[in-house]
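Colleague: Sharing a structure, written as structure tokens. Questions coming.
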Amino acid sequence: MNIPIRHNADWRFSTLTSWLAATVSCAYYADSFLNLTILLGINIGILPLLLYVIKHPNKHVLVMAGCYFLLILCLIPFTSTSLVFIHLVMFTAVFSPHFALSRFVIAILGAMLVYGACHYDTWQGDIPWLMFVVWFFFCVTNWFISRKIVESLNMHYQSRQNYKELQATQQMMSAMSAKQERLAISRELHDSLGHKLTALSVNLDFAKRTAPANLQTMMINCHQMSQDVLEEIRDIVSSQRDDKALLKDVLESICALTPNLTAHINIDKDTAYLSQDITLCVIRFCQEMLSNTLKHTQATDITFNVTLDEQHTMLSAEVFHNQPETILPKPGNGLTGLAERVAQFNGHFTQAIENQVLINTIKLPLCLSNHSHATTEVLQ
């Protein structure tokens with residue numbers, strides 16, 4: 001298969017209109033009731049095949065193309081009109097992305113040979129070479145045009161996908177910046193106000209125990225107020241540190257923009273406290289794997305697993321899809337750049353095939369001073 005179809009353009013109207021025109025034309029020129037019945041039966045048999053190809057353009061391509069071509073050849077003996085070649089033009093347009101021009105040339109010449117053999121007697125030896133030449137170049141030209149249209153639509157789809165992924169990444173960066181600001185404020189509350197309020201509470205507790213009887217009520221109220229303020233600060237700090245993992249949010253938004261793949265995202269909840277640089281590295285890794293899956297496979301499912309070890313010193317992220325693989329892909333610019341990005345964090349990127357499943361993995365060491373470690377401190 002040369003070019004997988006990735007765009008989601010709707011070809012139903014144009015394809016069904018062409019099929020209807022070919023069916024009506026063949027039926028109109030049928031020279032007997034038997035031929036009419038056979039022609040209608042073959043054309044009706046072509047209809048579900050076309051509908052399947054429109055809905056699943058990249059599935060069972062060779063089988064669908066072979067069946068369609070055989071049905072076209074079956075039409076030729078029962079009609080003498082060249083309108084049967086409308087189906088040959090449709091055949092060229094529908095399957096132009098999937099096969100090289102050489103295969104289509106063989107198919108077109110084969111169809112014309114069958115057409116000439118079936119209707120040679122009706123021409124009394126005068127073969128209409130001009131008609132064959134016109135139809136041959138028409139089909140070849142249609143192959144070029146259809147292929148370029150599909151390439152253009154694929155490129156437009158990929159550009160739109162890249163733009164949406166960029167938007168999602170920008171949103172993630174903005175959200176990460178806001179989150180880090182909130183964490184910085186919560187740490188200041190903990191380190192400054194929290195400690196001072198704790199000291200104040202201890203002094204007030206001592207003061208209420210030694211205060212005269214006429215001041216006991218006031219000292220108890222002051223101590224209770226300091227305890228209430230300290231508890232409110234604890235709640236504020238805890239709420240700021242209990243944010244939902246932004247990594248999962250970003251991956252879900254990116255995958256939601258990719259209708260051709262069903263994504264399964266499994267992310268450790270503690271990744272909510274990863275640094276912005278580490279989170280962005282994981283996002284880039286997942287984006288690269290998503291793009292490669294769309295470009296080079298016919299997979300329908302993709303899985304993302306992101307986990308931390310028990311000590312929160314190592315992050316592991318793996319991605320795999322459901323199309324069987326037997327050969328490791330040759331590293332291109334994307335994979336090479338990804339490996340270099342991961343190496344900047346002293347991590348490494350690997351690919352392995354297990355039970356015909358291509359597993360892409362990155363491992364990133366995390367410093368103990370990272371936010372994921374720091375956020376384990378909770379105000380007591």
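The values are calculated or read from the model by the stated rules, or taken from the named source; none is laboratory data. Being a predicted model, the structure only gives us computed values, none of them experimental. Cβ atoms come from the backbone with ideal geometry, glycine included; neighbour counts cover every protein chain shown. These area figures cover heavy atoms from the full protein model, side chains too; ligands, DNA and RNA do not enter into them. Shrake-Rupley method; radii C 1.70, N 1.55, O 1.52, S 1.80 Å.
Colleague: What does the C-alpha gyration tensor say about the overall shape of the stretch 5-120? Classify as rounded when a/c is under 1.5, otherwise prolate if a/b is larger than b/c, or oblate.
Modeller: oblate
Colleague: So, R0 is 25 Å and r is the distance between the beta-carbons of GLU181 and THR217; what FRET efficiency does that work out to, to 0.05?
Modeller: Rounded to the nearest 0.05, the efficiency is 0.05.
Colleague: Could you work out the pair-distance distribution P(r) of the stretch 102-158 from its alpha-carbon pairs, with 5 angstrom bin width and percents rounded to whole numbers?
Modeller: Over the stretch 102-158, the share of Cα pairs per 5 Å bin runs 4, 17, 20, 18, 12, 10, 7, 5, 4, 2, 1 percent.
Colleague: Could you tally the net charge around ASN266, taking each other residue with its Cβ under 14 Å from the Cβ of ASN266, Lys/Arg +1 and Asp/Glu -1?
Modeller: Overall, the nearby charge balance is -3.
Colleague: Next up: Considering Cα pairs under 8 angstrom that are at least six residues apart, work out the relative contact order of the stretch 40-180 and quote it in whole percent.
Modeller: 24
Colleague: Here's something else I'd like to know. For ASN162 and THR303, what does the FRET efficiency come to when R0 = 25 Å and r is the distance between their Cβ atoms, rounded to the nearest 0.05?
Modeller: 0.70
Colleague: With contacts defined as alpha carbon pairs under 8 Å and 6 or more residues apart, what's the relative contact order of the stretch 54-121 in percent?
Modeller: Relative CO of the stretch 54-121 lands at 42 percent.
Colleague: Full-extension gain between GLN311 and THR210, please, as 0.36 nm times their residue separation minus the C-alpha to C-alpha distance.
Modeller: Net length gain for the segment: 31.7 nm.
Colleague: Let me ask you something else. Note down, for the chain, the three equivalent ellipsoid semi-axes (square root of 5 times each alpha carbon gyration tensor eigenvalue), biggest first, whole angstrom.
Modeller: After diagonalising the Cα gyration tensor, the semi-axes are 71, 21, 15 Å.
Colleague: Could you look at the chain and say what percent of its accessible area is carbon and sulfur, using a 1.4 Å probe and all protein chains?
Modeller: Solvent-exposed carbon and sulfur of the chain make up 61 percent of the total.
Colleague: Which whole-number percent is the relative contact order of the chain (Cα, under 8 Å, 6+ apart)?
Modeller: 12
Colleague: Another question about this same structure. Contour minus end-to-end for CYS118 and HIS56, with contour as 0.36 nm per residue of separation and end-to-end as the Cα-Cα distance?
Modeller: Taking 0.36 nm per residue and subtracting the Cα distance, the gain is 18.9 nm.
Colleague: Still on this structure: Can you tally the net charge around PRO77? Count Lys and Arg as +1, Asp and Glu as -1, for every other residue whose Cβ sits under 15 Å from the Cβ of PRO77.
Modeller: Neighbourhood net charge equals -2.
Colleague: When ligands, DNA and RNA are left out and all protein chains stay put, how many square angstrom of accessible area per residue does the chain have with a 1.4 Å probe?
Modeller: The answer is 54 Å² per residue.
Colleague: Taking 30 Å as the cut-off for C-alpha to C-alpha distance, list the pairs among LYS330/LYS363; LYS269/LYS330; LYS59/LYS148; LYS295/LYS363; LYS196/LYS269 that go past it.
Modeller: The answer is LYS269/LYS330; LYS196/LYS269.
Colleague: If I fit a long axis through the Cα atoms of helix 216-240 and take the longest principal axis of the Cα atoms of the chain, what angle between them do I get, 0 to 90°, rounded to 10?
Modeller: That helix lies at roughly 20 degrees to the long axis.
Colleague: Test of understanding: what is the full-extension gain from LEU153 to PHE13, defined as 0.36 nm times their sequence separation minus their Cα-Cα distance?
Modeller: Here the segment from LEU153 to PHE13 would lengthen by 48.7 nm.
Colleague: Can you give the FRET efficiency for LEU71 and GLN351, using 1/(1 + (r/R0)^6), R0 = 30 Å, r = Cβ-Cβ distance, to the nearest 0.05?
Modeller: With R0 = 30 Å, the Cβ-Cβ based efficiency is 0.10.
Colleague: Beta carbons within 10 angstrom, averaged per residue: use that to sort the peptides 317-323, 196-202, highest first.
Modeller: In descending order of packing, they fall as 317-323, 196-202.
Colleague: Students sometimes get this wrong: rank LYS148, LYS248, LYS59 by accessible area, probe 1.4 Å, all chains present, largest first.
Modeller: Greatest to least solvent exposure: LYS148, LYS59, LYS248.
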